[in-house]
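Worksheet: one structure, shown below.
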Amino acid sequence: MRPRRAFTALAAASALVLAACGGGAARSASPQVLLQKAKAVADRASAVHFELSSSNLPTSGTRLVGGEGDLQRPASMRGSFEVATSGFTATVKVVSVGGVFEVELPFASHYEKTNPASFGLTDPAQLLSPTNGLTRLLALARDPRLGPSQRVAGELVDTVDFTVPGRDIPVLPDADPARPVDITAAIDPSNYQLRTVTLVGPLESATVETTYVLTLSGYDEHVHITLPS
């Protein structure tokens, strides 16, 4: 019995070490609870910083490649987007406040009011909207399930995998709204801040499974966004 007890104690100690290192750490929150708390935290944030990246884009047409900027509640955004068309990639500066969307195109010297649909988007300032923005996806999650723990910028995060109807994707393009989009939400379990949202589906093309990754940081940092004109 003594060798068995010693083996049991060693196994328990090894499990504690693994948990402390983040490998196989037990997670008590259900995927539904993680999503609910992450939505509540994000919906209270006065501002966040975002970065957008992509992979497996179609090779033709106008494509949204990436971007970065700041979002301020209730409906303001300042930053830039990378747009690819005809073999070229250009950086477009964007400011959106209260439904007014202005861009500064490459080689231009001033911002002009335009429609975000020209870039295949809806108003990016709506990303912080609790009812029409990014966190609405967390509330609409179909069949949420826990994924593996990951590290995002050095933080150990929990992941939740789920799907949502394509028609409910905010801001980003969706070429086939009838098909579901696969989503992975990465959530910091220490404060329930949403860190990344990965979307995979027929976003830029009905025949290509494009991936977009939206990374959030800088919760509640002081941001003041106004229109340049």
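Only the coordinates and a few stated rules stand behind these numbers; no lab work does. Note that this is a predicted model, so its numbers are computed, not measured. Virtual Cβ from ideal backbone geometry, glycine too; neighbours counted across all protein chains shown.
Rounded to the nearest 500, what is the chain's calculated 222 nm mean residue ellipticity when only DSSP H runs of at least 4 contribute -39500 (n - 2.57) each, over all residues? Don't jump to the answer; show the numbers that get you there.
Values: 3 runs with 38 residues, N = 229.
The per-residue figure over the chain is -5000 deg cm²/dmol.
Report the local net charge at Ser53: Lys and Arg +1, Asp and Glu -1, summed over other residues whose C-beta lies under 15 Å from its C-beta.
Working: positive: Arg63, Arg195; negative: Glu51, Glu68, Glu82, Glu204.
Taking every other residue near Ser53 into account, the sum is -2.
Report the gain in length on full extension from Asn132 to Val152: 0.36 nm times residue separation, minus Cα-Cα distance, nm rounded to one decimal.
Details: separation 20, 0.36 × 20 = 7.20 nm, distance 2.58 nm.
Working it through step by step, the gained length comes to 4.6 nm.
At a Cα cut-off below 17 Å, give the aspartates and glutamates reachable from Lys113, other chains included and same-chain residues fewer than 8 away excluded.
The reachable aspartates and glutamates, counting only those whose Cα sits under 17 Å from Lys113, are Glu102, Glu104, Asp123.
About the Cα centre of the chain, how large is the charge dipole given +1 on each Lys and Arg Cβ and -1 on each Asp and Glu Cβ? Please answer in debye to the nearest 20. All intermediate terms of the calculation are to be shown ahead of the outcome.
Working: 19 positive and 22 negative charges, 230 e Å.
Taking the Cα centre of the chain as origin, the dipole is about 1100 debye.
Relative to the longest principal axis of the chain, what angle (0 to 90°, nearest 10) does the C-alpha long axis of helix 2-21 take?
Between helix and principal axis, roughly 20 degrees.
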